[in-house]
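Have a look at the structure below before the remarks.
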Amino acid sequence: MLSAHQLTCVRGERTLFTGLDLAVGAGEWLHVRGGNGCGKTSLLRLLAGLASPAAGEIRWCEQPVREDLQAYHQAMLFLGHQGAVKEELTALENLQLAAELDGATLDDDEAIAALHRFGLKGREHLPVRFLSAGQKRRVLLARLVTRKAKLWILDEPFTALDTRAVDMLGGLVGEHLAAGGMAVVTSHQAIPLGNGKAIEL
Ligand SMILES: Nc1ncnc2c1ncn2[C@@H]1O[C@H](COP(=O)(O)OP(=O)(O)OP(=O)(O)O)[C@@H](O)[C@H]1O
């Protein structure tokens with residue numbers, strides 16, 4: 001289980017939130033909502049262990065994540081909404097590089113199957129700079145298939161996706177939850193998923 005206790009987040013001069021608690025258990029997902037600039041990405045970065053809260057604590061399986069960040073990073077996959085794909089590498093190379101950085105091995109067949117699942121058949125070997133915004137997004141999201149992680153932290157995952165890809169991603173998250181996974185998701189759009197928890201910043 002992921003939980004946060006009395007979190008305070010300060011960016012620059014502003015306190016974005018304080019005293020924030022949340023919990024996400026196996027098979028559950030949390031929708032982080034709120035207007036532009038209210039601190040959704042900042043919260044996700046805290047939950048991903050990429051930044052430290054000004055106060056409060058984040059726990060994974062009841063243990064403070066800062067005590068074993070490496071174990072936490074193995075269990076968690078964070079996909080940000082800033083372009084996290086390398087433009088000069090192909091779609092396939094991007095997936096392989098991400099696996100390498102995770103210290104995992106990924107064979108070509110598995111990577112190609114993930115790209116096909118995301119509708120990128122015929123685009124596997126093109127440098128990502130030649131792909132459309134939605135296709136680049138799909139390359140990033142293919143990591144959900146190739147990297148086995150118990151907790152998905154997804155910042156605006158539906159941005160730039162067409163309706164078919166939105167449904168496909170919704171289905172994928174649904175399968176992940178049904179298998180006991182967890183997800184924390186920000187989105188300005190309605191999310192095509194069953195009952196989830198929500199938090200409004
Ligand atoms: N490094 C920084 N230094 C100072 N302020 C920052 C920094 N990064 C973000 N902020 C501010 O923190 C606030 C929250 O930013 P954040 O990206 O978390 O918002 P958000 O809710 O994700 O917004 P959006 O819906 O537009 O993506 C914004 O006012 C932003 O300007």
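Taken together, the values in this text are just the output of simple stated rules run on the coordinates, not laboratory data. Keep in mind the model is a prediction, meaning the values are calculated, not measured. With ideal geometry, Cβ positions are generated from the backbone for all residues, glycine too; neighbour counts draw on all protein chains shown.
The table below lists the values:
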| quantity | calculated |
| --- | --- |
| Within the chain, helix-based [θ] at 222 nm, where runs of 4 or more DSSP H residues each add -39,500 (n - 2.57), nearest 500 | -9000 deg cm²/dmol |
| Size of the range 116-201 as Cα extents on the principal axes (Å, biggest first) | 39, 26, 20 |
| Projected label distance in nm at SER132 and LYS197, using a 7 Å step from Cα toward the beta-carbon | 3.7 |
| Value of Rg to Rh for the range 5-104 (Rh from inverse mean 1/r over Cα pairs, i.e. Kirkwood) | 1.00 |
| Cβ-Cβ FRET estimate between LYS121 and MET1, R0 fixed at 45 Å, reported to 0.05 | 0.75 |
| Potential lengthening between LEU69 and HIS188 on full extension [0.36 nm per residue; Cα-Cα distance subtracted] | 39.9 nm |
| For the chain, convex hull volume per residue from C-alpha positions, Å³ | 117 |
| Which of ASN195, LEU89, LEU69, positive extreme of dipole for the range 2-200 (C-beta unit charges) | ASN195 |
| Cβ-placed point charges (K, R +1; D, E -1), dipole of the chain about Cα centre in debye, nearest 20 | 480 |
| Antiparallel content of DSSP bridges confined to the range 2-200, in %, to 5 | 45 |
| Descending semi-axes in Å of the range 1-52, equivalent ellipsoid built from Cα gyration tensor | 20, 12, 10 |
| Over the range 2-200, relative contact order from alpha-carbon pairs under 8 Å, at least 6 apart, % | 29 |
| Restricting the range 69-122 to trypsin sites (Lys or Arg not before Pro) in coil, as DSSP defines it, with at most 11 other Cβ within 10 Å | LYS121 |
| Per-residue Cβ neighbour rank within 10 angstrom, fewest leading, CYS38, CYS9 | CYS38, CYS9 |
